[in-house]
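Novice: Below you'll find the structure I mean.
The values are calculated or read from the model by the stated rules, or taken from the named source; none is laboratory data. Everything numeric here is computed off the predicted structure, so don't read it as measured data. Positions of Cβ are generated from backbone atoms using ideal geometry, with glycine treated the same way; all protein chains shown enter the neighbour counts. Surface accessibility is based on the protein's heavy atoms, side chains included, excluding ligands, DNA and RNA. Shrake-Rupley method; radii C 1.70, N 1.55, O 1.52, S 1.80 Å.
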Amino acid sequence: MTVSHFGVQGRGDITGLTSFDTPDLETIEGRRLQLWIMTLALLAATVLLLGLVLFWSEVNFPVWLPPAAVYLGLVTLVILFCVYAIEKELELRSLTVELMEERVLTAGLTNSLREAQVLLEAGKAINLRLDLDQVLETILECSIELLDAQSGSIMMMHSEDELRTVASAGHTAARGARVPLHDGIAGRVAASREPVLVRGTFDWMHYKPQPEIHRPSSAISVPMIYRDELIGVLNVNAKPGREYTKHDLRALSLFGDQAASAVANAEKFETQKVIAYHSSYQAMHDPLTGLPNRTLLQDRITNALARRRPPEQEVVLLFLDLDDFKRVNDSLGHGAGDQVLIALAERLRASVRAGDSVARFGGDEFAVLLEASSTVEAIAAAHRILRDLELPFPLEDREVRFSASIGIALERSRDASPDEIMRNAFTALHAAKERGKGQVAVFEESMHSSALHRLDLEQDLRLAVENEALDVFFQPVLDLADLSVHALEALVRWHHPERGLMPAMSFVPLAEESGLLPLIDRMVLRRTCKTVAELNAGALSQKPVFAHVNLSPNSLKDPNFITNLAWDVEESGLDPDWLVLEITESVIMQDIEQMASRLRAVKSLGVHLALDDFGTGYSSLSYLRSFPVDVVKIDRMFVDGIAKDKGAAALVQAIVRLGLGLAFEVVAEGIETQEQLESLVELGCRYGQGFYLANPLSEEELTTFLDRPELAS
Ligand code: C2E
Ligand code: MG
Ligand code: MG
């Protein structure tokens, strides 16, 4: 028979299990009984006939029937029947043998499967990594061995209309090969759920024989069905010369069903394992970067301490924090912030050794655990990390650069707790941050006291705010054309009982963290409005000045901000037209809608707005068009480089030009030298502020400053 469908071509035949009419043992015994009854009946009939013949011989045989012919006929009949009976008996015997063989084969396969299942159960019990792959392999190995096959494969349902090869041995469909339902022998078996025996020489689908490999002349494919659901198809290909029989087909078919239940169990087990793994993974990892979280790091520290060989090896923990990360989040949004954190995680991973751990604690705080290290190595690693981080991070259509601070804690004692090491690294990080940007600090016992000190400082600041013990200094903003006072910027100061006069820089961040800054802002605003109102009405009545007050984003976010502002200005007696509120770019970028409406409300009171520290954020010049700012203050970073750096000079010039077009004033901050002053004047910058022109002054100092004769001229 030539078969040219189901993906095989050649001479041979394909038979389904149902096509075989194979009797079982009981039927064979029945047939044997029938045979013996027939034999006995025939013998009895022969004996009877012989009796009759003998009786007749005494009487008379007709002439046409001689007695010799009768004897010969009877003997022939008996011989023929005996031959028939013997042949039938032999056939029945061979059927019995085949059936016994089939039972042995089935028992063998079943035993192997049972072994596989026992293995699976044992695996579950002792939490061995016994996975689906192993079960599939065992099933395939058993099938190949017991059916003396040269190759075999298991295909599992991949989608509703496709099978995928999940295990394969010998030269047959490779792992991963896909077969559409109804296509090829396996596809047909899957579609019909009927086992199939193939005999003959075929060009097998997916079978790419190599010259030295013989093609199988026979193959069996059986469906694997569990609880009425088709799990997959089990295929075996006979060794050359071996022809599979219907018994092999039946045995493998039975095995297929049992294998299906083993696979289903293994799959269930696998799914449970995956779920368990995922939930434990989630509990131990940071979802954004995939790095270990604090809990997992604690575990690793404990293990690192236990593994360490004292006294020469130390466990080192580095705590890292980006110096200006908040600005990215504030100015470019959280999406951009997340991108930076992911890139940062990758960079950190790349800059440590394979055995070291990088973890994220949340925000922009990361930790690196170096096992079996030393102080020298730890400091070198910290500097290497800082260097790697200095390279720009590509972000949408721009690049951002960061510096980071690193705190290092080293631990020699086995008894130290992970919490203690983490606390120390955190304290060292704070110390590094206090030293400025991009610094590394190694933990020392004395730092604990400074951390405690910080707590004391916060408490002192709270008291100072409550008792209105903070002071306001004023730094003049001068008109660079005639050096006359154009405005006064209010800068908060703190006369600390032990630390002396503290500039805003040294406590404003603390005030912001502890939520005290809005209170401070309001105090500064009220005092400044009052002072400048008095000056404008008195000493400066000929040439009134603007009052510049700094405002933190949190102050603006306060829902009562506009009402309070209107009230405070009104109460101070200052004409709102002389008040300028300084905000930073981060304010504008936060909640754009809310902030824009707040800023419009400020303007509707007649108060002006200044954009402070311009150039340090990431917002583009285009924002200057959409926000109603009246003054732009160029950050001192640009003023600093103006005489030497063409880029800085170009930026100043661009802002000056933009100011002319968009009608805002431009103030240069941080003028420290005559040279800078001259460059700014040359670039057309109208206003300036800086130590070269005037320091921040107390009220008394301000009075003296305003009385200076050169100012009057
Ligand atoms: P800012 O608003 O940019 O203020 C200018 C800062 O630069 C002041 O520091 C001032 O002393 C300093 N400065 C002025 N001229 C020069 C110079 O020529 N060279 C250098 N290197 N620095 C100069 P200060 O008072 O420590 O204030 C730091 C920052 O703290 C301020 O920056 C402002 O953002 C904030 N701040 C100050 N007072 C307040 C306040 O009342 N409320 C709020 N929210 N923030 C304030
Ligand atoms: Mg300012
Ligand atoms: Mg500034």
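Novice: Tabulate in residue order the Karplus-calculated ³J(HN,Hα) for the stretch 169-174, using 6.51 cos²θ - 1.76 cosθ + 1.60 with θ = phi - 60°, rounded to whole Hz; enter x for Gly and Pro.
Specialist: 9, x, 8, 8, 3, 6
Novice: Write down the percent of antiparallel bridges among all DSSP beta bridges whose residues are both part of the stretch 459-712, to the nearest 5.
Specialist: Around 40 percent of the beta bridges assigned by DSSP in the stretch 459-712 are antiparallel ones.
Novice: Pick out, from Val328, Pro394, Ser217, the residue whose Cα sits farthest towards the positive end of the charge dipole of the chain, with +1 on the Cβ of Lys and Arg and -1 on the Cβ of Asp and Glu.
Specialist: Projecting each Cα onto the dipole axis, the largest value belongs to Ser217.
Novice: A follow-up question, please. Would you kindly find the accessible area of Leu95, with a 1.4 Å probe and non-protein molecules such as ligands, DNA and RNA excluded, rounding to the nearest 10 Å²?
Specialist: Roughly 20 Å² of Leu95 is accessible to a 1.4 Å probe.
Novice: Mind pulling up the Rg/Rh value for the stretch 44-93? Radius of gyration and Kirkwood radius, both on Cα.
Specialist: Result: Rg/Rh = 1.17.
Novice: Now for a different question. Over the chain, average the accessible area per residue using a 1.4 Å probe and give it in Å², no decimals.
Specialist: That works out to 50 Å² for each residue.
Novice: Sequence gap at least 6, Cα distance under 8 Å: using those rules, report the relative contact order of the chain to the nearest whole percent.
Specialist: Dividing the mean separation by the residue count of the chain yields 8 percent.
Novice: On alpha-carbon atoms, Rg over Rh for the stretch 289-380 using Kirkwood Rh?
Specialist: Rounded to two decimals, Rg over Rh is 1.04.
Novice: Okay, next question. Please give the calculated 222 nm ellipticity per residue for the chain, where each DSSP H segment of at least 4 residues contributes -39500 (n - 2.57) and the sum is spread over every residue; nearest 500 deg cm²/dmol?
Specialist: -16500 deg cm²/dmol
Novice: Where does each of Trp36, Trp64 land when they are ordered by accessible area, with a 1.4 Å probe and the largest first?
Specialist: Trp64, Trp36
Novice: Can you pull the accessible area of Asp707 for me, 1.4 Å probe, Å² to the nearest 10?
Specialist: 110 Å²
Novice: Now for a different question. Do any of Lys326/Lys557; Lys433/Lys557; Lys326/Lys603; Lys530/Lys633 go past 19 Å between their Cα atoms, and which?
Specialist: Lys433/Lys557; Lys326/Lys603; Lys530/Lys633, as the Cα separations exceed 19 Å there.
Novice: Can I ask one more? Just tell me which lysines come within less than 17 Å, Cα to Cα, of Lys239; anything on the same chain fewer than 8 places away is out.
Specialist: Of all the lysines, those that pass the test against Lys239 - Cα under 17 Å, at least 8 places apart if same chain - are Lys208.
Novice: Next question. Dipole of the chain, Cα-centred, from +1 at each Lys and Arg C-beta and -1 at each Asp and Glu C-beta, to the nearest 20 debye?
Specialist: So the dipole magnitude of the chain works out to roughly 2640 debye.
Novice: Also, quick follow-up: Can you give me the relative contact order of the stretch 294-443 as a percent, contacts being Cα pairs under 8 Å and 6 or more apart?
Specialist: RCO, the stretch 294-443: 32 percent.
Novice: Where both residues lie in the chain, what percent of DSSP beta bridges are antiparallel, nearest 5?
Specialist: 75 percent
Novice: How would Tyr244, Tyr71 line up by accessible area, probe 1.4 Å, largest first?
Specialist: Tyr71, Tyr244
Novice: Right, another one. Starting from the Cα of Ala416, step 7 Å along the direction of its Cβ; do the same at Leu501; then give the gap between the two resulting points in nm.
Specialist: So the label points at Ala416 and Leu501 sit 4.3 nm apart.
Novice: Evaluate the Debye formula for the stretch 294-443 with equal point scatterers sitting on the alpha carbons, no solvent, and hand back log10 of I(q)/I(0) at q = 0.09, 0.16 Å⁻¹, in q order, two decimals.
Specialist: -0.27, -0.81
Novice: If you don't mind, another one. Scattering from the C-alpha atoms of the stretch 212-280 alone, worked out with Debye: what is log10 I(q)/I(0) at q = 0.24, 0.25, 0.27 1/Å?
Specialist: -0.97, -1.00, -1.07
Novice: With a 10 Å radius around each residue's Cβ, average the other Cβ atoms per peptide and rank 526-533, 236-243, 42-49, highest first.
Specialist: 526-533, 236-243, 42-49
Novice: Can you give the Rg to Rh ratio of the stretch 636-713, both from alpha-carbon atoms, with Rh computed by the Kirkwood formula?
Specialist: Rounded to two decimals, Rg/Rh equals 1.04.
Novice: Write down the percent of antiparallel bridges among all DSSP beta bridges whose residues are both part of the stretch 294-443, to the nearest 5.
Specialist: For the stretch 294-443, the DSSP antiparallel bridge percentage is about 90.
Novice: Using a 1.4 angstrom probe on the protein heavy atoms only, line up His285, His430 by accessible area, largest first.
Specialist: The ordering from most to least exposed comes out as His430, His285.
Novice: Inverting the mean 1/r over all pairs of different Cα atoms, compute the Kirkwood radius of the chain and quote it in Å.
Specialist: That comes to 34.8 Å for the chain.
Novice: Can you give the FRET efficiency to the nearest 0.05 for Ala469 and Arg349, using r as the Cβ-Cβ distance and R₀ = 30 Å?
Specialist: 0.05
Novice: Using all alpha carbons of the stretch 459-712, what is the percent of pairwise distances in each 5 Å bin, ordered from the shortest bin to the longest?
Specialist: Binned Cα distances yield the sequence 1, 6, 13, 17, 19, 18, 14, 8, 3, 0, 0.
Novice: In the stretch 486-566, if every C-alpha pair distance is counted and binned at 10 Å from zero, what percent goes to each bin?
Specialist: So the P(r) values, bin by bin, are 16, 42, 31, 11, 0.
Novice: Roll a 1.4 Å probe over the protein heavy atoms and report the accessible area of Thr704 in Å², nearest 10.
Specialist: Here the accessible area works out near 90 Å².
Novice: Related question: Hey, can you rank 81-89, 163-171 by average C-beta count inside 10 Å, highest first?
Specialist: 163-171, 81-89
Novice: Carbon and sulfur together cover what percent of the accessible area of the chain at a 1.4 Å probe radius?
Specialist: 55 percent
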